[in-house]
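Engineer: What follows is a single structure, and I will ask about it in a moment.
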Amino acid sequence: MQVKLSAIVLRTTPYSDSSVIVRLFTDGFGMQSYLVNGVRKKKAAITPAMLQPLTLVQVEAYQRENAGLQRIKELHVYPVLPRLQQEPLYGLAASLLAECLMRAVREDSEQPELFAWLQQQVLLLETTELPAAELLAILTRFTEWLGFKPQFDGERATWFNLKEGRFEPQHDMRSVYASGTTARQLALLLVEDAFDRNDLPGQAYLDDLLKYYQYHLPGFSLPRSLEVVREMLFQC
């Protein structure tokens, strides 16, 4: 059948001399892979620039039940997000977030509420003046949808146990904890839904957060873009 969908671009993989396979998170079918023909041709209707990570698109596709690879008939970018598509630091943040989303969400079923939330987060990343901090805030908020939101009960709990997913008042040498800085920044985000501009998270927070994902999402692998992102986007 032919369907119209809203979608978020996550990854593009070469398929032939002129075609690619694009991985999308869609509002109607969850995670899906689509074949896009003629992308590398000079007069292509769908170009590589339209398939960058976190691009928001409207798609007309041929959808077949139980087919591993679907086909796209038409694709239009809407709305256009110039920062994510043109500015290097925003592009790096988009790449890392797209990789994490693809590794964390595996269902190929309709999830309209999650799609709407992710779409909103993409728009937040586009409009922020602090792409690195906003990336970390989005990945932290995303844990609630994945079922392992950090548990924080009060100011006296100063240590964050990565394995247990909770703040604790004392440091148990048998467990694995985030750094003290990460715990402080995470606690504020959980309460205020924002980081302190005078105490922004950096590489330590990113590393602790990805380790937290690995503990709570079986099979979650580190993003390929991690080293470049750490070097270029996080410098503290």
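The values are calculated or read from the model by the stated rules, or taken from the named source; none is laboratory data. On a predicted model such as this, the values are computed, not experimentally measured, just so you know. Positions of Cβ are generated from backbone atoms using ideal geometry, with glycine treated the same way; all protein chains shown enter the neighbour counts.
Engineer: Quick one: which residue in LEU24, LEU84, LEU35 is touching a residue at least 40 places away in the same chain (Cβ under 8 Å) and of a type outside the set (Lys, Arg)? Step through it out loud before you land on a result.
Structural biologist: Details: LEU24 fails: touching a residue at least 40 places away in the same chain (Cβ under 8 Å); LEU35 fails: touching a residue at least 40 places away in the same chain (Cβ under 8 Å).
One residue alone meets the criteria, LEU84.
Every residue, every condition in (1) within 18 Å of the chain's Cα centre (by Cα); (2) buried (at least 19 other Cβ atoms within 10 Å of the Cβ); (3) in the same structural domain as LEU233 (by TED's automatic domain parsing), yes or no:
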{"site": "GLU60", "(1), (2), (3)": "no, no, no"}
{"site": "GLU65", "(1), (2), (3)": "no, no, no"}
{"site": "LYS73", "(1), (2), (3)": "no, no, no"}
{"site": "TYR90", "(1), (2), (3)": "yes, yes, no"}
{"site": "SER95", "(1), (2), (3)": "yes, yes, no"}
{"site": "GLU99", "(1), (2), (3)": "yes, yes, no"}
{"site": "LEU114", "(1), (2), (3)": "yes, no, no"}
{"site": "TRP117", "(1), (2), (3)": "yes, no, no"}
{"site": "VAL122", "(1), (2), (3)": "yes, yes, no"}
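Engineer: Is it the case that the stretch 25-35 has a residue that's touching a Ser or Thr at 6+ places or on another chain (Cβ under 8 Å), aliphatic (A, V, I, L, M), within 23 Å of PRO88 (Cα to Cα) and assigned by TED's automatic domain parsing to the domain that holds TRP117?
Structural biologist: For the stretch 25-35, residues touching a Ser or Thr at 6+ places or on another chain (Cβ under 8 Å), aliphatic (A, V, I, L, M), within 23 Å of PRO88 (Cα to Cα) and assigned by TED's automatic domain parsing to the domain that holds TRP117: absent.
Matching residues to (1) closer than 18 Å to GLU99 by Cα; (2) in contact with a strand residue (DSSP E or B) (Cβ under 8 Å, 6 or more places away or on another chain):
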position: VAL122; (1), (2): yes, yes
position: LEU130; (1), (2): no, no
position: GLY147; (1), (2): no, no
position: TRP159; (1), (2): no, yes
position: ARG174; (1), (2): no, no
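Engineer: Here's something else I'd like to know. Return yes or no: is TYR177 surrounded by 16 or more Cβ atoms within 10 Å (Cβ to Cβ), modelled with pLDDT of 95 or more and more than 21 Å from the chain's Cα centre (by Cα)?
Structural biologist: Judged against the criteria, TYR177 is a match.
Engineer: Now for a separate question. List the number of the failed condition for THR13; all other conditions in (1) within 25 Å of ALA93 (Cα to Cα); (2) under 23 Å from the mean Cα position of the chain (by Cα); (3) crowded, with 16+ Cβ neighbours inside 10 Å hold.
Structural biologist: Result: THR13 passes all but (3).
Engineer: Considering TRP145, TRP117, TRP159, which residue is in contact (Cβ under 8 Å) with a residue 12 or more places away in the chain and over 30 Å from GLY30 (Cα atoms)?
Structural biologist: Working: TRP145 fails: over 30 Å from GLY30 (Cα atoms); TRP117 fails: over 30 Å from GLY30 (Cα atoms).
It is TRP159.
Engineer: Looking at this structure, is LEU233 surrounded by 15 or more Cβ atoms within 10 Å (Cβ to Cβ), modelled with pLDDT under 95 and within 19 Å of the chain's Cα centre (by Cα)?
Structural biologist: yes
Engineer: State yes or no: is ALA61 without any contact (Cβ under 8 Å) to a residue 60 or more places away in the chain and either touching a helix residue (DSSP H, G or I) at 6+ places or on another chain (Cβ under 9 Å) or outside any strand (DSSP E or B) (or both)?
Structural biologist: no
Engineer: Just give me the residues in the stretch 75-88 being crowded, with 22+ Cβ neighbours inside 10 Å and part of a strand (DSSP E or B), in sequence order. Steps first, answer last, please.
Structural biologist: Initially, the stretch 75-88 is screened for residues crowded, with 22+ Cβ neighbours inside 10 Å, giving 75, 84.
Correct list: LEU75 only.
Engineer: Identify all residues within the stretch 66-84 that are at pLDDT below 95 and either of a type in the set (S, T, N, Q) or in contact with a helix residue (DSSP H, G or I) (Cβ under 7 Å, 6 or more places away or on another chain) (or both); write none if there are none.
Structural biologist: Answer for the stretch 66-84, where residues must be at pLDDT below 95 and either of a type in the set (S, T, N, Q) or in contact with a helix residue (DSSP H, G or I) (Cβ under 7 Å, 6 or more places away or on another chain) (or both): ASN66, GLN70.
Engineer: Turning to a different aspect of this structure: Being within 24 Å of GLN235 (Cβ to Cβ) and of a type in the set (S, T, N, Q) is the filter here; which residues of the stretch 158-212 pass it?
Structural biologist: Within the stretch 158-212, SER179, THR181, THR182, GLN185, ASN198, GLN203 qualify.
Engineer: Answer yes if at least one residue in the stretch 43-56 is touching a Lys or Arg at 6+ places or on another chain (Cβ under 8 Å), part of a loop (DSSP other than H, G, I, E, B) and within 30 Å of TYR215 (Cβ to Cβ), and no otherwise. First the steps, then the outcome.
Structural biologist: Step one: filter the stretch 43-56 for residues touching a Lys or Arg at 6+ places or on another chain (Cβ under 8 Å), giving 48, 53.
Subset that is part of a loop (DSSP other than H, G, I, E, B): 53.
From what is left, the residues that are within 30 Å of TYR215 (Cβ to Cβ) are 53.
Yes; the residues of the stretch 43-56 include at least one that is touching a Lys or Arg at 6+ places or on another chain (Cβ under 8 Å), part of a loop (DSSP other than H, G, I, E, B) and within 30 Å of TYR215 (Cβ to Cβ).
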